[in-house]
1. Give just the number: which of (1) part of a helix (DSSP H, G or I); (2) free of Cβ contacts under 8 Å to residues at least 40 places away in the same chain does P22 not satisfy?
2. Taking the condition of being of a type in the set (S, T, N, Q) and farther than 16 Å from K4 by Cα, how many residues in region 24-68 meet it?
3. Kindly indicate which of T49, T42 is touching an Asp or Glu at 6+ places or on another chain (Cβ under 6 Å) and buried (at least 17 other Cβ atoms within 10 Å of the Cβ).
4. Looking at region 1-39, which of the residues that are surrounded by fewer than 10 Cβ atoms within 10 Å (Cβ to Cβ) and small (G, A, S) is farthest from V81 (Cα to Cα)?
5. Specify which of the listed residues (R78, R104) is in contact with a helix residue (DSSP H, G or I) (Cβ under 7 Å, 6 or more places away or on another chain), among the basic types (K, R), assigned to a helix (DSSP H, G or I) and modelled with pLDDT under 80.
Amino acid sequence: MKDKLAFAFATATTGATLYSVPSWQGFLTDACLWASAASGLTIVVLLVTRHLGDRARLFEVKWLALFLAGMPLIYLVRWIVDGGMLAGRGGLIIELAGGCSTQRWQSLA
């Protein structure tokens with residue numbers, strides 16, 4: 001039951017986020033739009049794999065690993081496009097700090 005509620009919440013919030021994007025123009029050059037599209041595609045993949053049952057479980061796990069591993073790339077591309085450290089945005093630093101702290105907590109578990 002918790003799984004279904006969590007999936008419904010993720011679907012609703014992702015749908016609201018995709019709906020609230022002001023413009024999809026410049027999709028090829030905007031890494032944030034890439035991330036939005038990837039999140040929508042991930043919801044669709046999860047929906048399909050949940051209905052396929054156990055035979056799709058391995059694909060689902062690999063897809064989620066790829067999705068999560070790719071998220072820092074979004075920040076890196078955005079950082080490069082915006083001009084690096086001098087651009088004044090801290091997204092890359094925040095993502096790297098979060099990744100490092102997550103790795104630290106996982107090593108303690």
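1. (1)
2. So the answer is 4.
3. T49
4. That would be A16.
5. Within the list R78, R104, the selection yields R78.
The values are calculated or read from the model by the stated rules, or taken from the named source; none is laboratory data. Everything numeric here is computed off the predicted structure, so don't read it as measured data. Methodologically, a virtual Cβ is constructed for each residue, glycine included, from the backbone with ideal geometry; neighbour enumeration extends over all protein chains shown.
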